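Visitor: Below is a structure I'd like to ask you about.
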Amino acid sequence: MRSNPARPRAAVPPATAPVSAATARVRVGREVAGRGGKGVSVISGLPLAGAELEALATRLKKLCGAGGAVRDGTIEIQGDHRDRLVTELQKLGFEAKRSGG
């Protein structure tokens, strides 16, 4: 079905103000649910989107020597690399903390 150019589009909510790296609540946790018992380090709360998030994910995967993915605004790195990831994110200017046990 083609969209009608004469029909007005639905209102798009205004974008929220960008969060600076220093004020973002970046959390690095570990999850195993839904992965067959394999643990992954999950980085959430990053104030990045799109290409910037992909570039950071690539950098962190290389740092850890592991695979991973970007899903729903979070970065998943295979394996338990929480301490290494928190240290690197802090070097990059993010206020990162380890979450979970």
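No lab work stands behind these numbers, since they all come straight from the coordinates. Note that the structure is predicted; figures quoted are calculated from it, not measured. Neighbour counts are summed over all protein chains in view; Cβ atoms, including those assigned to glycine, are modelled from backbone coordinates with ideal geometry.
Visitor: With +1 on the Cβ of every Lys and Arg and -1 on the Cβ of every Asp and Glu, and nothing else charged, how large is the dipole of the range 23-101 about its Cα centre, in debye rounded to the nearest 20?
Guide: Dipole about the Cα centre, nearest 20: 200 debye.
Visitor: Let me ask another. Please compute the net charge surrounding G39, taking Lys and Arg as +1 and Asp and Glu as -1 over other residues with Cβ under 9 Å from its Cβ.
Guide: +1
Visitor: Would you list, by chain and number, the lysines whose Cα falls below 23 Å from the Cα of K91, excluding same-chain residues fewer than 8 positions away?
Guide: K61, K62
Visitor: Next question, about the same structure. Of all trypsin sites (Lys or Arg not before Pro) in the range 19-83, which ones are in loop regions per DSSP and have a Cβ with at most 16 other Cβ atoms within 10 Å?
Guide: Taking the range 19-83 and a limit of 16 other Cβ atoms within 10 Å, the loop trypsin sites (Lys or Arg not before Pro) found are R25, R35, K38.
Visitor: Counting other Cβ atoms within 10 Å, keep those with at most 16, restrict to DSSP loop, and tell me which GluC sites (Glu not before Pro) in the range 22-97 are left.
Guide: Here the GluC sites (Glu not before Pro) that fit, given the DSSP loop and packing criteria, are E95.
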